[in-house]
Amino acid sequence: MAGHTLTPPAETRWATITAETRRLLVIGLPLMGAQLAQMGMGVVDAVMAGQYGSVDLAGVALGGSLFWPVMMLMMGLVQAVTPTVAQLNGAGKQREIGEVIRQGLWLALSGGLAAAWILNNIGPVYQWMSVDPAAAAISVPYLRMASFGVPALMCFFCLRFLADGMGFTRPALFISLAALTLKVPLNYVLIYGKFGAPEMGGVGAGLAQAVVMWLQLTLILAVVTRRRFRRTGWHSRFSRPDWARIKNLLIIGIPIGATIFAEMGLFSLTTILLGRFGAETVASHNIAMNINGVLFMPALALGMAGTIRIGFRVGAGEIGQARTTAGIAMSTTALVAILGSLVIFLFRHHMVSAYTSEPAVAALSSTLLLFVMFFLLFDALQATGVGTLRGYKDTKVPMYIALFSYWVVGLPLEVILGFGLIGEPMGVYGFWLGLAIGVGTAALLLSTRLWLVSADHEFITRMAARR
């Protein structure tokens with residue numbers, strides 16, 4: 001008939017894209033704020049321990065470099081809850097969510113206890129690595145104190161992922177801000193021994209971290225016991241561990257944890273290897289990485305929002321529309337990353353001046369930020385790519401891509417170029433070039449994987465059947 005067409009009018013397509021972009025941002029912006037607040041707690045620990053003493057700063061920094069990779073590995077196991085809940089929510093099967101959460105809590109508690117045991121027995125690792133005994137004397141009890149809150153943190157993550165998976169991401173923001181707000185006075189009291197508390201130095205930051213983690217669990221419990229979550233029935237009855245369900249969560253979660261650990265491990269090892277080039281190089285590298293980390297947050301948030309939104313649409317049977325959501329998430333990420341790179345180019349000297357007044361460190365940091373300009377786009381695309389793939393419950397192949405890109409491509413190139421195993425040594429520039437190539441490889445492969453998976457209806461349907 002005249003006037004009818006199989007292709008929607010451009011105005012309709014644009015309205016659809018605009019509406020979906022708005023939904024992603026409504027979900028993603030609170031998650032971005034929550035991640036920034038989480039980063040803020042690490043900054044608070046570093047600043048306040050550093051004011052107490054350089055040895056305490058070294059001990060806390062050393063402890064954090066082990067604490068967070070272990071936490072993120074265990075958190076990744078539990079993160080399988082997000083796409084599972086999102087897909088069930090999209091399918092209107094809220095009552096099935098309850099059992100997923102009960103089994104997720106068993107997984108979270110087990111992972112938390114395992115992580116606490118690791119952190120309580122870290123001393124021999126420091127001896128094996130010949131860590132400065134003075135710094136280790138702070139780091140070991142710091143980790144021991146922090147470990148008391150780890151089971152609570154893992155259960156917090158599970159319940160937070162319940163809220164996230166159902167599209168309610170603002171609680172994550174408010175709780176993270178509350179935790180950051182409490183962390184400052186707690187650090188002050190416990191590090192410096194105020195109001196009758198013992199003066200614990202850097203170790204006090206670990207105890208403060210444990211208290212904050214229990215606060216986060218308390219606050220999320222207050223959220224997920226409200227009326228809007230009651231229809232899931234997650235706390236209506238007790239469930240024993242169900243290995244079949246836990247196994248399905250692990251099939252999704254283990255690759256997520258391994259992927260996160262692979263990336264964090266590469267960044268941590270890069271910093272360690274750069275230690276051979278001196279304190280100024282390490283300081284400049286850390287400044288560049290920190291600025292990249294802040295500008296990377298929108299991409300991380302969009303990836304998390306993609307997990308939730310795509311999971312919902314897959315559960316609702318909107319597989320074609322989920323592909324549109326994935327495309328919007330990746331396009332928005334690219335745009336935001338390009339704007340971030342432009343900000344770096346225009347204001348890099350001002351950014352660096354906020355971190356250091358030492359001319360040599362400032363000059364090298366400003367130069368490294370030119371690498372960050374290109375690195376940021378790759379890092380952003382891989383983060384959103386892996387996040388959107390999680391919405392389809394596709395985590396195993398992304399894990400292989402991460403391991404290949406970071407440890408087979410990136411790390412060897414860093415060493416070859418940085419130390420001059422072939423040609424002249426490029427120092428820190430060689431490491432950044434190798435890092436950029438590794439992350440760029442991940443971005444390319446993950447984007448290709450997303451393009452293929454989002455069009456594979458049979459694969460998506462099969463993965464969605466896993467509960």
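Each value in this text was obtained by applying a stated rule to the coordinates, not by laboratory testing. Values in this document were obtained by computation on a predicted structure and should not be read as measured data. Please note: Cβ atoms are built from the backbone with ideal geometry, for glycine as well, and neighbour counts cover all protein chains shown.
Each Lys and Arg contributes +1 and each Asp and Glu -1, all at the Cβ; summed about the Cα centre of the stretch 244-467, the dipole is approximately 1020 debye. Values (i) 36, 29, 20; (ii) 45, 25, 20; (iii) 55, 29, 21 are given for comparison; semi-axes √(5λ) of the Cα gyration tensor in Å, derived from the coordinates here, is the one labelled (i). In sequence order, the stretch 271-280 has phi-based couplings of 4, 4, 5, 5, x, 5, 9, x, 5, 5 Hz under the Karplus curve 6.51 cos²θ - 1.76 cosθ + 1.60, θ = phi - 60°, and Gly or Pro positions carry x. Treating cross-link reach as a plain straight distance, find the lysines whose alpha-carbon is under 28 Å from the alpha-carbon of LYS183, omitting any fewer than eight places away in the same chain. Cα-Cα hits under 28 Å: LYS194. Between the listed residues SER236, LEU162, ALA208, the Cα displaced farthest toward the positive end of the dipole of the stretch 16-241, a dipole computed from Cβ unit charges relative to the Cα centre, is found at SER236.
Sort ILE401, ILE416 so that the residue with the fewest other Cβ atoms within 10 Å of its own Cβ comes first and the one with the most comes last.
Result, fewest neighbours first: ILE416, ILE401.
Using Cα positions and a limit of under 19 Å, work out the aspartates and glutamates in reach of LYS393, with same-chain residues fewer than 8 apart set aside. Counting by Cα, and skipping residues close in sequence, LYS393 has these aspartates and glutamates nearby: GLU96, GLU99, ASP164, GLU318, ASP456, GLU458. The order of HIS350, HIS285, going from fewest to most other C-beta atoms within 10 Å of their C-beta, is HIS350, HIS285. Cβ-to-Cβ counts within 10 Å put SER405, SER139, SER331 in ascending order as SER331, SER405, SER139, the fewest first. Here the stretch 148-179 and the stretch 276-347 have alpha carbon centers that stand 21 Å from each other. Overall, the stretch 16-241 carries a charge dipole of about 1240 debye about its Cα centre when +1 sits on the Cβ of Lys and Arg and -1 on the Cβ of Asp and Glu, all other atoms neutral. When the Cα centres of the stretch 94-143 and the stretch 45-86 are compared, how far apart do they sit, in Å? So the separation of the two Cα centres works out to 10 Å. For the chain, the Cβ-based charge dipole about the Cα centre amounts to some 2120 debye (Lys, Arg positive; Asp, Glu negative; other atoms uncharged).
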